[in-house]
Each structure stands twice: as C-alpha cells, then as structure tokens.
Amino acid sequence: MTTPHKLPVPDRIRVTTPAAGANFTFTNSDGGLLLVRSVSFVFTTSAAVANRFVGLTVSADVDTWLRTSAGIAQAASLAVGYSAFGSANSAAVSTAGVCLPWRDEGVLLRQGHVLASVTAAIDAADQYSGIVLDVLRYLPDYLYQSGPYLAAYNLSGEGP
C-alpha cells in the first residue's frame, strides 16, 4: 500500500489590523506547520515628526530567534508598503515599497510561534494595515522529524 502524499497547501493569511500605535502580531495556533514564504503590509506614519524603523521578529516562548529590519528610516506622514521575502533588501524608503530581508527558503512557524512587527519610535497614531502572509500549510502529522524546508522537500512524502 502506498502512503498518500502529504503535500503542503499554499495559502494566504490575512492578519488582523492592530489598533493605532500598536505593532501587529500573528500566532500560529492551528496545530499545523506554516512555512512563511513572504510577509506584506503597509505602515502609515502620523504627522508627528520622528523617524520610525520597521522590522519583524519571530519568537517561540521567550526566545526571539529571528530579527530582520530594513535598516532605513520612515519619516512622518508617509504610507509605505513593506514586503519580506528571500533575497530582499532596500537601499531607501520609497512609497513604491521597502523590502525586508527574509530567509530564502521561508521561515517555519510551529504551533505557538509568533511573527510580529517591531517599530522603533512608533507614534500613537501610526497604523499597520493590509497585513498578509504567503504560506505553505503542512498537516500536523507531517512526516519529517525536522522542519520542512523547500530544499529538503520531495514528492515522495518521505524525508530527504
């Protein structure tokens, strides 16, 4: 008897827009594994004069195991789209968008792991919106002992 393939299911997850002046958070709470291939959002700054610095973190319990940032400032009164994906980087803030560095193979979120924005000098009227994760969903009984990575994935449903 042949073991059925347990192929990942591509999906997009819309993350709830946080209150003004707050960072967004997403917790993988459905029991499956998520391989986050990209993260996209808009950050709108208020008229309060200050430079903001936008980044992302991934954590499990109290351990933050991934931090990424564009490393460039966003000034007041701008709406800027951000996208984190493999091989990304930006040299300047542009209303056309800013790229955040991301692992080429994606970032694995197990149950309970948290993906969140971090913002230096966030103002009470700044707003995150349009937050979307492009993911591959793996079943909770995924066959690999280690996490799924694109380079290690094959169609047989068995480990590399």
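The values are calculated or read from the model by the stated rules, or taken from the named source; none is laboratory data. Bear in mind that the values here come from a model prediction, so they are computed numbers and not experimental data. Cβ placement follows ideal geometry from the backbone for every residue including glycine, while neighbour counts extend to all protein chains displayed.
Here is how the numbers come out for the structure above:
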quantity	calculated
Some residue of the stretch 30-37 being among the small types (Gly, Ala, Ser), under 18 Å from residue 138 (Cα atoms) and in a loop (DSSP other than H, G, I, E, B)	yes
Residue in the stretch 60-77 that is surrounded by the most Cβ atoms within 10 Å (Cβ to Cβ), counting only those that are of a type outside the set (Gly, Ala, Ser), assigned to a strand (DSSP E or B) and touching a residue at least 12 places away in the same chain (Cβ under 8 Å)	74
Qualifying positions in the stretch 52-73 - closer than 15 Å to residue 94 by Cβ and modelled with pLDDT under 95	70, 71, 72, 73
Whichever residue in the stretch 104-147 is under 17 Å from the mean Cα position of the chain (by Cα), buried (at least 19 other Cβ atoms within 10 Å of the Cβ) and outside any strand (DSSP E or B) and, among such residues, is modelled with the highest pLDDT	113
Residue among 80, 42, 49 that alone is buried (at least 18 other Cβ atoms within 10 Å of the Cβ), within 25 Å of residue 127 (Cβ to Cβ) and β-branched (Val, Ile, Thr)	80
Residue that is of a type in the set (S, T, N, Q), more than 18 Å from residue 112 (Cα to Cα) and under 18 Å from the mean Cα position of the chain (by Cα), where the choices are 29, 46, 40	40
Test result for residue 57, more than 26 Å from residue 140 (Cα to Cα), in a strand (DSSP E or B) and of a type outside the set (Phe, Trp, Tyr)	no
When residues of the stretch 1-17 are limited to those that are within 13 Å of the chain's Cα centre (by Cα) and either modelled with pLDDT under 95 or surrounded by 14 or more Cβ atoms within 10 Å (Cβ to Cβ) (or both), the one nearest to residue 86 (Cα to Cα)	13
Out of 88, 96, 20, sole residue that is assigned to a loop (DSSP other than H, G, I, E, B), surrounded by fewer than 19 Cβ atoms within 10 Å (Cβ to Cβ) and modelled with pLDDT of 95 or more	20
